[in-house]
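The values are calculated or read from the model by the stated rules, or taken from the named source; none is laboratory data. Everything numeric in this text was worked out from a predicted model, so none of it was measured. Every residue, glycine as well, gets a Cβ built from its backbone with ideal geometry; the counts of neighbours run over all protein chains shown.
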Amino acid sequence: MRVVGFCGYSGSGKTTLVEQLVSRLRLAGERVSVVKHAHHDFDVDQPGKDSHRHREAGAFEVVIASDRRLAKIREYEVQAVPTPHQLIAELCDCDWVLVEGFKQADLLKIEVWRGSTGRPVQYPHDPIIVAVATDSPSALPLPTALPLLDLNDADAIAAFLIAQAVRHEYHPPHDFEPEAPPADAEPARRDRAAARGDAGPD
């Protein structure tokens with residue numbers, strides 16, 4: 001498995017680039033997965049659906065499957081912030097994992113920078129950024145010896161990734177631990193059940 005992150009401020013074009021790279025890498029015969037950082041209140045479920053009702057009833061995880069796809073929704077009973085390594089561990093075997101966001105993660109990353117946003121760059125302060133994808137290289141506020149990739153040329157960026165594949169071989173950190181419910185999740189579950197009036201005996 002190879003892993004590469006894509007960091008940059010909102011509006012820089014990370015999502016568009018990752019979307020394009022998924023299709024380019026698929027055309028090259030690669031199996032691609034995506035890990036994306038989202039806002040705290042995001043949801044992929046719909047009120048009224050069976051899975052949403054199960055979550056509202058207090059299920060910690062709901063797994064939904066058909067003959068075409070599978071989805072797992074985990075409801076944190078105590079606020080938690082999973083690392084990208086924990087999210088990668090949830091994935092099935094694949095050739096590439098494209099990680100969008102998580103700009104502080106200890107993963108090799110490509111910085112996505114669009115001159116029109118007026119936002120600062122990260123590469124001077126992040127030694128594991130391996131390249132900069134930009135639409136305006138001459139406008140970069142600080143010089144760099146990093147490869148400069150054309151943000152509007154997804155084919156060239158995909159070719160860069162494939163050429164750098166060995167560099168992106170993934171090895172979890174030596175202190176990595178898979179995601180697990182926080183130690184105080186069970187008391188929190190009981191508190192929620194009590195609030196609903198359906199707490200049973202311990």
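Identify, from the list D95, D106, D126, D67, the residue that is exposed (fewer than 12 other Cβ atoms within 10 Å of the Cβ), among the charged types (D, E, K, R) and either at pLDDT 90 or above or within 21 Å of L161 (Cβ to Cβ) (or both). Full working, then the answer.
Numbers: D95 fails: exposed (fewer than 12 other Cβ atoms within 10 Å of the Cβ); D106 fails: exposed (fewer than 12 other Cβ atoms within 10 Å of the Cβ); D126 fails: exposed (fewer than 12 other Cβ atoms within 10 Å of the Cβ).
Sole residue among the options that is exposed (fewer than 12 other Cβ atoms within 10 Å of the Cβ), among the charged types (D, E, K, R) and either at pLDDT 90 or above or within 21 Å of L161 (Cβ to Cβ) (or both): D67.
Is region 86-103 home to any residue that is without any contact (Cβ under 8 Å) to a residue 60 or more places away in the chain, over 16 Å from the mean Cα position of the chain (by Cα) and more than 29 Å from L142 (Cα to Cα)?
Checked region 86-103: no residue is without any contact (Cβ under 8 Å) to a residue 60 or more places away in the chain, over 16 Å from the mean Cα position of the chain (by Cα) and more than 29 Å from L142 (Cα to Cα).
Answer yes or no: is there a residue in region 53-65 that is aromatic (F, W, Y), assigned to a loop (DSSP other than H, G, I, E, B), farther than 30 Å from S136 by Cβ and more than 16 Å from the chain's Cα centre (by Cα).
For region 53-65, residues aromatic (F, W, Y), assigned to a loop (DSSP other than H, G, I, E, B), farther than 30 Å from S136 by Cβ and more than 16 Å from the chain's Cα centre (by Cα): present.
Can you name the condition, by its number, that G101 falls short on among (1) surrounded by 21 or more Cβ atoms within 10 Å (Cβ to Cβ); (2) at pLDDT below 90?
With respect to (1) surrounded by 21 or more Cβ atoms within 10 Å (Cβ to Cβ); (2) at pLDDT below 90, G101 is out only on (1).
Kindly provide the set of residues from region 19-51 that are buried (at least 16 other Cβ atoms within 10 Å of the Cβ) and either among the hydroxyl-bearing types (S, T, Y) or not in a loop (DSSP other than H, G, I, E, B) (or both), ordered by number.
Selection gives Q20, L21, V22, R24, L25, V32, S33, V34, V35, K36, S51.
Among the residues of region 120-162, what is the count of those that are over 20 Å from L21 (Cα atoms) and part of a helix (DSSP H, G or I)?
Result for region 120-162: 6.
Filter region 70-98 down to the residues that are under 17 Å from A59 (Cβ atoms) and of a type in the set (V, I, T) and list them by number.
I73, V78
Find the residue count for region 149-165, including only residues that are over 21 Å from the mean Cα position of the chain (by Cα) and either among the small types (G, A, S) or under 17 Å from D106 (Cα atoms) (or both).
So the first thing to find is which residues in region 149-165 are over 21 Å from the mean Cα position of the chain (by Cα), and the list is 149-150, 152-153, 155-156, 159, 163.
Adding the requirement that they be either among the small types (G, A, S) or under 17 Å from D106 (Cα atoms) (or both) leaves 156, 159, 163.
Looking only at that region, the number is 3.
Among the residues of region 161-175, is there at least one that is among the β-branched types (V, I, T), modelled with pLDDT under 90, closer than 26 Å to M1 by Cα and out of contact with any Pro (no Cβ under 6 Å at 6 or more places or on another chain)? First the steps, then the outcome.
Our first condition is that a residue be among the β-branched types (V, I, T); within region 161-175, this holds for 162, 166.
From the residues that got through so far, the ones that are modelled with pLDDT under 90 too are 166.
With the extra rule that they be closer than 26 Å to M1 by Cα, the set shrinks to 166.
Still in the list and also out of contact with any Pro (no Cβ under 6 Å at 6 or more places or on another chain): 166.
Yes, region 161-175 contains a residue that is among the β-branched types (V, I, T), modelled with pLDDT under 90, closer than 26 Å to M1 by Cα and out of contact with any Pro (no Cβ under 6 Å at 6 or more places or on another chain).
Listed here are the residues, each with its yes/no results for (1) within 25 Å of D106 (Cα to Cα); (2) of a type outside the set (V, I, T).
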residue	(1), (2)
S51	no, yes
F60	no, yes
E77	no, yes
T83	yes, no
A89	yes, yes
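Can you pull out the residues in region 70-90 that are exposed (fewer than 12 other Cβ atoms within 10 Å of the Cβ) and either assigned to a loop (DSSP other than H, G, I, E, B) or at pLDDT 90 or above (or both)?
Step one: filter region 70-90 for residues exposed (fewer than 12 other Cβ atoms within 10 Å of the Cβ), giving 70, 72, 79, 81.
Listed by number, the residues that qualify are L70, Q79, V81.
Among the residues of region 1-18, how many are surrounded by 15 or more Cβ atoms within 10 Å (Cβ to Cβ) and out of contact with any Leu (no Cβ under 7 Å at 6 or more places or on another chain)?
Looking only at that region, the number is 8.
Scan region 19-37 for residues that are touching a residue at least 40 places away in the same chain (Cβ under 8 Å) and closer than 29 Å to E61 by Cβ and jot them down.
Matches in region 19-37: V22, R31, V32, S33, V34, V35, K36, H37.
Name the single residue, out of those in region 52-62 being surrounded by 12 or more Cβ atoms within 10 Å (Cβ to Cβ) and free of Cβ contacts under 8 Å to residues at least 40 places away in the same chain, that is nearest to L21 (Cα to Cα).
Ranking the qualifying residues of region 52-62, first place goes to V62.
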